[in-house]
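Asks: Sharing a structure, written as structure tokens. Questions coming.
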Amino acid sequence: MQNKKSLLRRLLAIYVTFFVVLVVSLAHSLAPNFSRGYAKGTAMGDDIMKNWVAGTPRQIYLLNRIPVSTEGEVLRGGASDDPVTVRGYVSHLSLTVEEQAPGRSAMQLAFRSIGGSPWLYLTVMLVPVCLLAIIVMMFFIIGSLRRSIREERPLGHRNVVLLRAIGALTIFVELLQDTSAWFMARRAARLLADTPYAVDTQLHVSYSTIIMGILVLFAAEVFALGRNLSEEQRLTI
């Protein structure tokens, strides 16, 4: 039983470490984007309301991180006798698009402020909700592990269910982000058709995140198998 308690303590340490890394990485990646997005969204909201109150509603929406390719521009040097030549390439664009929108209400304009589509707006808003759900489930798992250590019993069935949910949500969020980025790129390609920017409209998927989600699902199944074996041994005894 002492070996089991030591194993559970090590497992708790792994979970706590993973949780801290997850929170720090989310804070590092989301906090700057949130502050910039808040300022940009406030300015866009003011412009949308001013146009709507004036009787000339205009649809204003964002297309973020559009992958593009250009021929590049010489930023420094360029002559044959220059000791240093620096050439810059644009790989991503963030676009703000304004279109006439007669007859649309203020709420319709607001829910099209990302990608020009209410579906893209809801998709982008769903991502932080899923990330928050993952963090909450990690809290539940850690609390359950603490009870398991105190009571010297194996991991409960709820831990397995939560781990499966975390793995599935990780994969779902990645596919959701990639799909929304793909739709934004396709819309941007139509808007930038007659410009020097060539938009990459391929669907790009972060396989590292997908693999991480699969590993979480695999860990859940391993814990489920260990729990079932523990129950069978207890019944046999």
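The values are calculated or read from the model by the stated rules, or taken from the named source; none is laboratory data. Here the structure is a predicted model, which means the values were calculated and not measured. Glycine gets a Cβ as well: all are built from the backbone with ideal geometry, and neighbour counts include every protein chain shown.
Asks: Considering each of Leu30, Leu11, Leu7, Leu75 in turn, give the residue that is at pLDDT below 80, over 27 Å from Tyr197 (Cβ atoms) and either in contact with a helix residue (DSSP H, G or I) (Cβ under 7 Å, 6 or more places away or on another chain) or not in a helix (DSSP H, G or I) (or both).
Replies: None of the others qualify; the one that does is Leu11.
Asks: Give me the residue from the stretch 181-223 that is within 17 Å of the chain's Cα centre (by Cα) and of a type in the set (Ser, Thr, Tyr) and, out of that set, nearest to Ala168 (Cα to Cα).
Replies: For the stretch 181-223, the residue satisfying everything is Thr209.
Asks: Checking Trp52 against (1) under 29 Å from Asp178 (Cα atoms); (2) part of a helix (DSSP H, G or I); (3) modelled with pLDDT of 70 or more, which test does it fail?
Replies: Of (1) under 29 Å from Asp178 (Cα atoms); (2) part of a helix (DSSP H, G or I); (3) modelled with pLDDT of 70 or more, only one is false for Trp52: (1).
Asks: Could you look through the stretch 147-160, keep only residues that are surrounded by 15 or more Cβ atoms within 10 Å (Cβ to Cβ) and part of a helix (DSSP H, G or I), and pick out the one that is modelled with the lowest pLDDT?
Replies: The extreme case among them is Ile149.
Asks: Looking only at the stretch 180-197, filter to residues that are in contact with a helix residue (DSSP H, G or I) (Cβ under 9 Å, 6 or more places away or on another chain) and either exposed (fewer than 14 other Cβ atoms within 10 Å of the Cβ) or among the aromatic types (Phe, Trp, Tyr) (or both); which one of those is farthest from Ser117 (Cα to Cα)?
Replies: Taking the candidates together, the pick is Tyr197.
Asks: While we're on this one: Among the residues that make up the stretch 115-123, is at least one of them within 30 Å of Ile66 (Cβ to Cβ), at pLDDT 85 or above and part of a strand (DSSP E or B)?
Replies: Scanning the stretch 115-123, I find no residue that is within 30 Å of Ile66 (Cβ to Cβ), at pLDDT 85 or above and part of a strand (DSSP E or B), so the answer is no.
Asks: Let me ask you something else. Considering only residues of the stretch 114-128 that are farther than 15 Å from Ala188 by Cβ and in contact with a Lys or Arg (Cβ under 9 Å, 6 or more places away or on another chain), which is surrounded by the most Cβ atoms within 10 Å (Cβ to Cβ)?
Replies: Among those that are farther than 15 Å from Ala188 by Cβ and in contact with a Lys or Arg (Cβ under 9 Å, 6 or more places away or on another chain), it is Tyr121.
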